[in-house]
Amino acid sequence: MSFSPGPWKLNMPATRPSIYDELVDLLIESADAARVLAFRLSPQAQARVEQLLAKNREGALTADDAAELDEIERFEHVVRVLKARLLEKQSHPREP
C-alpha cells in the first residue's frame with residue numbers, strides 16, 4: 001500500500017535515482033504526520049544556518065562551510081517535500 005506522490009517528487013539529477021524519495025515514501029506511510037508537520041530545526045541548528053548564510057552573503061564561506069550549507073539545503077528540501085506530500089495525503093485520503 002503506497003501513496004501516490006503526485007507532483008511532489010524530489011528534484012534530483014536524472015543521472016541518479018532519488019534515494020530520498022524512498023525515505024519520503026516510508027515516512028509518509030509510517031511516521032506521525034502531526035509530528036513531522038510540526039518539525040522545526042532546533043535553536044542551535046537554526047543559529048548555525050543563519051551563521052552560514054551570513055558568511056555566504058559576506059563571501060567568507062570556507063569549502064567546509066559551503067559543503068555544510070549544501071547539505072542543509074538538501075535536508076531542508078527533503079523536509080519540505082515530505083511535509084507537502086503529507087499534507088496532500090491528508091487532503092486526499094484513500095477510500096477504505
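The values are calculated or read from the model by the stated rules, or taken from the named source; none is laboratory data. Because the structure is a prediction, the values reported are computed rather than measured. For neighbour counting, all protein chains shown are included, and Cβ atoms are generated from backbone atoms with ideal geometry for every residue, glycine included.
Tabulated results
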{"read-out": "Verdict on Glu58 being of a type in the set (Asp, Glu) and either touching a Cys at 6+ places or on another chain (Cβ under 9 Å) or farther than 25 Å from Ile19 by Cβ (or both)", "value": "yes"}
{"read-out": "In the range 20-64, residue modelled with the highest pLDDT [restricted to those that are in a loop (DSSP other than H, G, I, E, B), of a type in the set (D, E, K, R) and within 30 Å of Gln90 (Cα to Cα)]", "value": "Arg40"}
{"read-out": "Criterion: closer than 18 Å to Ala31 by Cβ and among the basic types (Lys, Arg) - qualifying residue of Lys89, Lys55", "value": "Lys89"}
{"read-out": "Any hit, the range 42-50, residues being within 13 Å of the chain's Cα centre (by Cα) and of a type outside the set (D, E, K, R)", "value": "no"}
